[in-house]
Amino acid sequence: MPLYIPENYTNILGTVQNTEKAVKSVKDMFQDNLSAQLALLRVTAPMVVLSGTGINDDLNSVERPVRFPVKDLGDRPAEVVHSLAKWKRLKLADMGIAPGMGIYTDMNALRPDEELDNLHSIYVDQWDWEKVIRREDRNLSFLKKTVRRIYEAIKVTENKLFIEFPQVTPSLPEDIFFIHAEELLRMYPDLTPKERENEIVRKHRAVFLIGIGGELSDGTVHDGRAADYDDWSTPNEDGFNGLNGDILLWNDVLQSSFEVSSMGIRVDCEAMRRQLAIRGQEDKAELYFHKRLLAGELPYTIGGGVGQSRLCMFLLKKAHIGEIQSSIWSEEDRRKCAEAGIVLA
């Protein structure tokens, strides 16, 4: 997406100092609310993992990680994480966490192949969370129940933020709307995936879009998703494939659908094998993470990430993620933003 400059944009918090205070408030409040809603324990997360283990999230399998040799390990290559989608499941197994409980962490990642715009930065910060579930919980009803809990955590944060910063008025609806990507395609067959999102999210303002990564009836996918963590190929009780999705909110500042979370019920052995075959990645079955999963050593889980800078940007009604976090931007984008009163960190 090209840089978007809203007309007559103003920082409703007045100053950069007030913005920094509000960012801290959002982060403190939301992680407490998320932990309470999902029964999560905070744990410390790695910033790097060893290459060749299958632990790093390879996103759409084309993005390049930041990789470097570790001198004291005989120059064995390590890489900065893209996310902790698979690391969390290993952590739950090693901690022996019981069903109904889980973990969350402050995840800091680098994604050097991101296309920089209002929403995307090479620096990614999110609350990565993962929860142990029972095999019988691997269904759409359980997924929707979990989504509603996360949405409630967002709404509680929004309402508490309004008390502390009354200029930041709440805008979220009472409930979140659920729809499958195939249903959305049938509603708007002539639109692109992003255009479809804009139509449905403009109407409902808060949407959980199900089935990200699975093939749709026109042979496309709504958006990419790796084959080895979210389960996007198992049939659900609505008659479509997919036990994962994205939380999308309507952003009044950008006049666009705005993703704040990607999440889902994770693959079991059967779904892992099926999805690796679909993507032609059967060789991954020999990697450390995949071997442990296929050997039945990892628990059934549900998990995802909630973007920290993204959520702050939405709740504080900012036009650019660079108003929340410090990162790298082109001089041209910095100039255009400065002319519009958008102060990038």
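Read the figures in this text as sums done on the coordinates, not as results from a lab. Worth saying up front: this structure is predicted, and the values here are computed from it rather than measured. FYI the Cβ positions are ideal-geometry reconstructions off the backbone, even for glycines, and counts take in every protein chain you see.
Of Lys24/Lys291; Lys203/Lys284; Lys21/Lys91; Lys194/Lys336; Lys24/Lys336; Lys88/Lys336, which ones are farther than 31 Å apart at the Cα?
Exceeds cut-off: Lys24/Lys291; Lys203/Lys284; Lys21/Lys91; Lys88/Lys336.
Could you tell me which of Leu34, Gly74, Asn251 has its Cα farthest along the dipole of the chain towards the positive end, charges placed at Cβ (Lys, Arg +1; Asp, Glu -1), taken about the Cα centre?
About the Cα centre, the residue reaching furthest to the positive side is Leu34.
Give, in nm to one decimal, the length gained when the segment between Ser326 and Val48 is fully stretched (0.36 nm per residue of separation minus the Cα-Cα distance).
Numbers: separation 278, 0.36 × 278 = 100.08 nm, distance 2.02 nm.
Contour length minus Cα-Cα distance gives 98.1 nm.
Take the Cα gyration tensor of the chain, multiply each eigenvalue by 5, square-root it, and list the three semi-axes largest first, rounded to whole angstrom.
On the way: eigenvalues 193, 114, 86 Å².
They are 31, 24, 21 Å, listed from largest to smallest.
Using just the Cα positions, wrap segment 144-216 in a convex hull and report its mean projected area in square nanometres, one decimal place.
With every direction weighted equally, the projected area is 5.7 nm².
In degrees, nearest 10, range 0 to 90: what is the angle between the Cα axis of helix 193-204 and the longest Cα principal axis of the chain?
Compared with the principal axis, the helix lies near 60 degrees.
Run the dipole for segment 16-339 about the Cα centre, Lys and Arg Cβ at +1, Asp and Glu Cβ at -1, nothing else charged, and hand back the magnitude in debye, nearest 20.
I would put it at about 820 debye.
Can you compute the helix-only [θ] at 222 nm over the chain? Use -39500 (n - 2.57) per DSSP H run of at least 4 residues, normalise by all residues, nearest 500 deg cm²/dmol.
-10000 deg cm²/dmol
Would you order Phe30, Phe142, Phe165 from fewest to most other beta-carbon atoms within 10 Å of each residue's own beta-carbon? Mind dumping the intermediate values first?
Numbers: Phe30 24, Phe142 16, Phe165 20.
Lowest count first: Phe142, Phe165, Phe30.
So if each residue of separation counts as 0.36 nm, and I subtract the Cα-Cα distance between Ser217 and Tyr288, what length gain in nm does that give? Don't jump to the answer; show the numbers that get you there.
On the way: separation 71, 0.36 × 71 = 25.56 nm, distance 3.43 nm.
Value of the extension gain: 22.1 nm.
Just want to confirm a number: the relative contact order over the chain, from Cα pairs under 8 angstrom separated by 6+ residues, in percent.
The value is 21 percent.
Hey, what do the phi angles of segment 304-310 turn into as Karplus ³J(HN,Hα) couplings, whole Hz, using 6.51/-1.76/1.60 and θ = phi - 60°, x for Gly and Pro?
x, x, 10, x, 5, 5, 4
Would you mind computing, in nm to one decimal, how far apart the modelled labels at Glu115 and Asp28 are, each placed 7 Å from Cα along Cα→Cβ?
About 3.9 nm, to one decimal.
Subtract the Cα-Cα distance of Ala277 and Ala39 from 0.36 nm times their separation in residues, and report this length gain in nm to one decimal. Each step should come with its number before you reach the end.
On the way: separation 238, 0.36 × 238 = 85.68 nm, distance 3.45 nm.
Value of the extension gain: 82.2 nm.
Under a point spin-label approximation (7 Å from Cα along Cα-to-Cβ), what is the Phe177-Lys21 distance to one decimal in nm?
It is 3.7 nm.
State the antiparallel share, in %, of DSSP beta bridges confined to segment 16-339, rounding to the nearest 5.
Just about 85 percent of them are antiparallel.
Check Val70: other-chain or 5+ apart residues with amide H under 5 Å from its amide H, H built from backbone geometry?
Those lying under 5 Å, H to H, from Val70 are Asp75, Arg76, Ala78.
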